[in-house]
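Asker: This is the structure I have questions about; it appears just below.
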Amino acid sequence: MEIPQTWHYGLIAHWWAEFNDDFRPHEIPYFQRFIERGGEQALDVACGTGRLLLPYLRAGLDVDGCDVSTDMVALCREKAEREGLSPTPWVQPMHELEPPRRYRTIYVCGAFGLGSDPEQDAEALRRFHEHLEPDGTLLLDIEVPYASADDWKYWLKEERRSLPQEAKPPQELRPASDGSELGLSGRLVDFDPLDQFVTSEMHAQRWRDGELEAEEKHLLTITLYFKNELLLMLERAGFGDIEVQGDHNNAAATADDDFLVFVAKKT
């Protein structure tokens, strides 16, 4: 298996800060309801540039944040300070989690399995359990491996022969708040169905006044999990009373859901 990598740095972190706040907006009220129903204090694991964390702080909720990316955390702080908010995010991968306090709610949105391996993911679950208060709640979502027909085909060896996909520069530029323009493109580089491991590459550019000012390429490795695998991992980490919901909808998961949310209690 390759060494896990992540791409949430540099220009890509700036792209997230500029344009990612409106990504999958229904996730924000979903997690917020759990926090408001007796779930403070809460921890946003892999908070990024504050897509969920900042709305919760605006609502007066007691929420901390952490992320593996120094760049993401710095941008999160900058965005918060512009609004007069005082978050306390820190830099730490989830499998090394050592927060300053215990929590009623820990949530991980769109980040489990990114830039990590199964051993690290299992350790992350153990640490979530350790740092929850008794009867505390873990909320953890995943995109199921079969969500995309374009990606699912690479489970077949005949299709994997076409990898890596062709590298292409960003085709569209978006205006950023500093007067520059940012572009982003991605491609699938490798797919390992035995270890359920995907490697993608992100290509970022920053243009200013029609000139290319900066350019970066970063890799991201993703470990894929199916429902029953993650249920077993949660049970081994000490969690009980585990409910699997659909795509942030408070309903039982179905085979048609592209995302699953695991709602697990510390017992």
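Asker: With N set to the residue count of the chain, report its C-alpha Rg divided by 2.2 N^0.38 Å to two decimal places.
Answerer: Values: Rg = 18.7 Å, N = 267, 2.2 N^0.38 = 18.4 Å.
Computed over Cα atoms of the chain, the ratio equals 1.02.
Asker: I'd like the trypsin sites (Lys or Arg not before Pro) in segment 19-107 restricted to DSSP loop residues with at most 13 other Cβ atoms within 10 Å, sorted by number. Before the final figure, lay out each step's value.
Answerer: Values: sites: 33, 37, 51, 58, 77, 79, 82, 101, 102, 104; in loops: 37, 51, 101, 102.
Hits after loop and neighbour filter: 37, 101.
Asker: Give me the percent relative contact order of the chain, please, defined on Cα pairs under 8 angstrom at least 6 residues apart. Write down the numbers at each step before the final one.
Answerer: Numbers: 533 pairs, mean separation 50.9, N = 267.
Relative contact order here is 19 percent.
Asker: Could you tally the net charge around residue 109, taking each other residue with its Cβ under 10 Å from the Cβ of residue 109, Lys/Arg +1 and Asp/Glu -1? Working shown, then result.
Answerer: Values: positive: 24, 51; negative: 27, 44, 141.
With Lys, Arg at +1 and Asp, Glu at -1, the net is -1.
Asker: Take the Cα of residue 172, step 7 Å along the line toward its Cβ, and report every residue of segment 183-221 whose backbone nitrogen sits under 13 Å from that point.
Answerer: Hits in segment 183-221 for residue 172 at 13 Å: 183-186.
Asker: Would you mind estimating how fast segment 95-196 diffuses translationally, via Stokes-Einstein at 25 °C and 0.890 mPa s with the Kirkwood radius over Cα pairs, in µm²/s?
Answerer: Working: Rh = 17.3 Å.
For these conditions, the coefficient is 142 µm²/s.
Asker: Separate question: Hey, quick one: spin label on residue 120, modelled 7 Å out along Cα-Cβ, who in segment 218-239 has an amide N within reach, i.e. under 17 Å?
Answerer: Only 218-225 pass the distance filter.
Asker: At residue 155 and residue 255, where each label point lies 7 Å from the Cα along Cα→Cβ, what is the point-to-point distance in nanometres?
Answerer: The modelled label-to-label distance comes out at 1.2 nm.
Asker: Just to be sure I follow the definition: excluding the sites themselves, where is the longest run in the chain that has none of the chymotrypsin sites (Phe, Trp or Tyr not before Pro) in a DSSP loop with at most 15 other Cβ atoms within 10 Å?
Answerer: My reading of the result: 24-145 is the longest stretch.
Asker: Separate question: Using θ = phi - 60° and the Karplus curve 6.51 cos²θ - 1.76 cosθ + 1.60, what whole-Hz ³J(HN,Hα) does each residue of segment 56-73 get, with Gly and Pro shown as x?
Answerer: 6, 5, 4, 7, x, 7, 8, 10, 9, x, 8, 7, 6, 9, 4, 5, 4, 5
Asker: Also: Which whole-number value in Å² is the accessible area per residue of segment 1-79, probe 1.4 Å?
Answerer: Values: 3130 Å² over 79 residues.
With all protein chains present, segment 1-79 gives 40 Å² per residue.
Asker: Determine the distance separating the Cα centre of segment 187-226 from the Cα centre of segment 65-132; give it in Å without decimals.
Answerer: Comparing the Cα centres of segment 187-226 and segment 65-132, I get a distance of 22 Å.
Asker: Residue-wise, which Karplus ³J(HN,Hα) couplings in Hz belong to segment 47-54, taking 6.51 cos²θ - 1.76 cosθ + 1.60, θ = phi - 60°, and x for glycine or proline?
Answerer: Per-residue couplings from phi come out as 6, x, 8, x, 4, 9, 4, 5 Hz.
Asker: Could I ask something else about it? Using amide H atoms built 1.01 Å from N in the peptide plane, name the residues 5+ places from residue 24, or on other chains, whose amide H lies under 5 Å from its own.
Answerer: none
Asker: Whole-Hz ³J(HN,Hα) for each residue in segment 224-240, computed from phi via Karplus 6.51 cos²θ - 1.76 cosθ + 1.60 with θ = phi - 60°, x for glycine and proline: what do you get?
Answerer: The phi angles translate into 8, 10, 9, 3, 5, 4, 6, 4, 5, 4, 5, 5, 5, 7, x, 7, x Hz.
Asker: Kindly provide the GluC sites (Glu not before Pro) of segment 170-228 that DSSP labels as loop, not H, G, I, E or B, and whose Cβ sees at most 11 other Cβ atoms within 10 Å. Intermediate values should be presented prior to the final figure.
Answerer: Numbers: sites: 172, 181, 201, 211, 213, 215, 216; in loops: 172.
For GluC sites (Glu not before Pro) across segment 170-228 that sit outside H, G, I, E and B with at most 11 neighbouring Cβ atoms in 10 Å, the list reads 172.
Asker: Mean residue ellipticity at 222 nm from the helices of the chain, using -39,500 (n - 2.57) per DSSP H segment of n ≥ 4 over the full residue count, to the nearest 500 deg cm²/dmol? If you can, show how the numbers build up before the last one.
Answerer: Working: 8 runs with 70 residues, N = 267.
The helix contribution divided over the chain gives -7500 deg cm²/dmol.
Asker: Here is a further query. So which GluC sites (Glu not before Pro) in segment 25-107 end up in coil per DSSP with only 14 or fewer other C-beta atoms within 10 Å?
Answerer: Details: sites: 27, 36, 40, 78, 81, 83, 96; in loops: 40, 83.
Filter output for segment 25-107: 83.
Asker: Using amide H atoms built 1.01 Å from N in the peptide plane, name the residues 5+ places from residue 65, or on other chains, whose amide H lies under 5 Å from its own.
Answerer: The answer is 44, 88, 90.
Asker: Now a separate question. Give the residue from 43, 99, 61 lying farthest towards the positive end of the charge dipole for the chain; charges sit on Cβ (+1 for Lys and Arg, -1 for Asp and Glu) and the dipole is referred to the Cα centre.
Answerer: Going by the Cα projections, it comes out as 61.
Asker: Something else about it: Please report, as a whole percent, how much of the solvent-accessible surface of the chain comes from carbon and sulfur atoms (probe radius 1.4 Å).
Answerer: Details: 6080 of 12790 Å².
On the chain, the fraction of accessible area on carbon and sulfur atoms equals 47 percent.
Asker: Any lysines with Cα under 26 Å of the residue 265 Cα? List them, leaving off those in the same chain fewer than 8 positions away.
Answerer: 227
Asker: How charged is the neighbourhood of residue 15? Take every other residue with its Cβ under 10 Å from the Cβ of residue 15, and add Lys/Arg as +1 and Asp/Glu as -1.
Answerer: Details: positive: 174, 206; negative: 18.
Local net charge: +1.
Asker: Compute the relative contact order of segment 182-261 as a whole-number percentage, counting only Cα pairs closer than 8 Å that sit 6 or more residues apart in sequence. Kindly include the intermediate steps, with their values, before the conclusion.
Answerer: Details: 112 pairs, mean separation 14.9, N = 80.
Reported as a whole number, the value is 19 percent.
Asker: With every protein chain left in place, what is the accessible area of residue 28 in Å² (1.4 Å probe, nearest 10)?
Answerer: Its accessible surface works out to 30 Å², give or take rounding.
Asker: Here is a follow-up. In the chain, what % of DSSP beta bridges are antiparallel (nearest 5)? Walk me through the numbers on the way to the answer.
Answerer: Numbers: 40 of 55 bridges.
Here the share of antiparallel DSSP bridges comes out near 75 percent.
Asker: Residues of segment 135-160 with the amide nitrogen closer than 20 Å to a label point 7 Å from the Cα of residue 37, along Cα-to-Cβ, please.
Answerer: What the label zone holds, given the 20 Å backbone N cut-off, is 135-142.
Asker: Next question. With a 1.4 Å probe and every protein chain left in place, tell me how much accessible area residue 233 has, in Å² to the nearest 10.
Answerer: 40 Å²
The values are calculated or read from the model by the stated rules, or taken from the named source; none is laboratory data. None of these values were measured; they are calculated from a predicted model. With ideal geometry, Cβ positions are generated from the backbone for all residues, glycine too; neighbour counts draw on all protein chains shown. In case anyone asks, the SASA skips ligands and DNA or RNA and just uses the protein heavy atoms, side chains included. Shrake-Rupley method; radii C 1.70, N 1.55, O 1.52, S 1.80 Å.
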